[in-house]
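Every read-out reported here was derived from the displayed coordinates using simple, explicitly stated rules and does not represent laboratory data. Being a predicted model, the structure only gives us computed values, none of them experimental. Cβ placement follows ideal geometry from the backbone for every residue including glycine, while neighbour counts extend to all protein chains displayed.
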Amino acid sequence: MSGLVLVEQLERGIVSVTLNRPDRRNALSIDLLEQLCAEIERLSSDETQRVVILRGAGLVFSAGLDLREAADSSLVERSAAAVSRALHLLRASPLIVIAAVQGGAFAGGAGLMAACDIAIVAADARIGFPEARRGLLPALICNVLLHKVREGDLRELFLAGDPIDATRAEQVGLAQRVVPAERLLEEALGVARSVTAGGPNTVRQTKALLNAKFQPGGDSRGANLVELHLAARHSDEAREGLAAYVEKREPSW
């Protein structure tokens, strides 16, 4: 399926990449994630590009994993691989990636936001990690959040699962700036222009330096987290939690 990710050149060196499933609140289907990965890889190899502003079409940045698709056991491994790769590419890309978050970012959508270098969040947005309520583990996004959010706050976010507002997101380190919704793109562009005021190679090297300092774990740890994620996706609780979501009822636990 085409058109799930839209790319627009905003200014010299600054490009907008938009998740484009507004009818499904930009739920992260495999096709969408694979298109996102392809575009980030393509842009990362273009030395004329310097900043990506990651956005969501419609009212919500991203509702997270496409749970109807996640309920299909035959797609579990491909879905996990797509999530893991997208998080890695946003983090590892030499481009500076700014998330411009409106409406809400939940579960894997909040993970994408956290994988960006800078997150600018609309004042009326909500952020949440409801995985446990679906019988899922936030294993893949946990690796991204370890150096952004304090341990106690992360435990509350994952274990209680309640969404937080933008102000709280800024307090715990998930958001770097909170602005009125109507100023979201303007603010993101302002930060992007500040980034491009630096030397191109120096900015890329600075991101690499920060990644080397703060990237949690190595390849073996990342592989282990994928295994944990997959084990949860195949569990009885995941089957019940996803079925309850699809059937619009409370899970039986």
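Return an integer: the convex hull volume of the alpha-carbon atoms of the range 9-63, in Å³ per residue.
On the way: hull volume 3.6 nm³, N = 55.
So the per-residue Cα hull volume is 65 Å³.
What's the center-to-center distance, using Cα atoms, between the range 1-34 and the range 87-144 in Å?
Rounded to whole Å, the Cα centres lie 15 Å apart.
Within the set of other residues whose C-beta is less than 13 Å from the C-beta of Ser29, count the net charge using Lys and Arg as +1 and Asp and Glu as -1.
In short, -1.
Once you compute Rg and the Kirkwood Rh from C-alpha atoms, what is the Rg to Rh ratio for the range 90-204? List each step's numbers first, then the result.
Numbers: Rg = 14.4 Å, Rh = 14.5 Å.
Taking Rg over the Kirkwood Rh, I get 0.99.
When the Kirkwood hydrodynamic radius is evaluated over all pairs of different C-alpha atoms of the range 1-107, what value in angstrom, to one decimal, is obtained?
14.0
What is the spin-label model distance, in nm, from Glu8 to Gln215 if the labels are put 7 Å beyond Cα along the C-beta direction?
About 3.2 nm separates the two model spin labels.
At 0.36 nm per residue, and after removing the present C-alpha to C-alpha distance, how many nm does the segment from Asp124 to Asp23 gain when stretched out fully? Don't skip to the answer; put the middle values down first.
Values: separation 101, 0.36 × 101 = 36.36 nm, distance 2.00 nm.
Full extension from Asp124 to Asp23 adds 34.4 nm.
For Lys148, go through the aspartates and glutamates and keep the ones whose alpha-carbon is under 13 Å away, minus same-chain ones fewer than eight residues off.
Filter leaves Asp117, Glu170.
In deg cm²/dmol and to the nearest 500, what is the mean residue ellipticity at 222 nm of the chain if only DSSP H runs of at least 4 residues count, each as -39500 (n - 2.57), divided by the residue total?
Estimated from H runs of four or more residues: -14500 deg cm²/dmol.
Among (1) 69, 48, 41; (2) 62, 40, 34; (3) 55, 41, 39, only one was calculated for this model; which label is it, if the read-out is Cα extents along the principal axes in Å?
Given (1) 69, 48, 41; (2) 62, 40, 34; (3) 55, 41, 39, the calculated one carries the label (3).
Along the three principal axes, how long is the range 76-131 when you take its alpha carbons, biggest first, rounded to the nearest angstrom?
35, 29, 11
Would you mind ranking His88, His147 so that the residue whose beta carbon has the fewest other beta carbons within 10 Å leads the list?
His147, His88
Just the ratio, please: alpha-carbon radius of gyration of the range 151-217 over 2.2 N^0.38 Å, N its number of residues.
Values: Rg = 15.7 Å, N = 67, 2.2 N^0.38 = 10.9 Å.
Computed over Cα atoms of the range 151-217, the ratio equals 1.45.
What translational diffusion coefficient, to the nearest whole µm²/s, does the range 48-102 have by Stokes-Einstein, given a Kirkwood radius computed over alpha-carbon pairs, a temperature of 20 °C and 1.002 mPa s viscosity?
Once the numbers are plugged in, D ends up at 164 µm²/s.
Under 20 Å from the Cα of Lys248, which aspartates and glutamates turn up, not counting those fewer than eight places away in the same chain?
Excluding near neighbours in sequence, the set is Asp23, Asp66, Glu69, Asp72, Glu131, Asp162, Asp236, Glu237, Glu240.
With charges only on Cβ, +1 for K and R and -1 for D and E, what is the dipole size of the chain about its Cα centre, in debye, rounded to 20? Kindly include the intermediate steps, with their values, before the conclusion.
Details: 29 positive and 32 negative charges, 91 e Å.
With only Lys, Arg, Asp and Glu charged at Cβ, the dipole is about 440 debye.
What does the charge count around Ala57 come to, taking other residues whose C-beta lies under 11 Å from its C-beta (Lys +1, Arg +1, Asp -1, Glu -1)?
With Lys, Arg at +1 and Asp, Glu at -1, the net is +3.
With no solvent and one point per C-alpha, what does the Debye sum give as log10 I(q)/I(0) for the range 140-182 at q = 0.16, 0.18, 0.35 Å⁻¹?
-0.42, -0.53, -1.32
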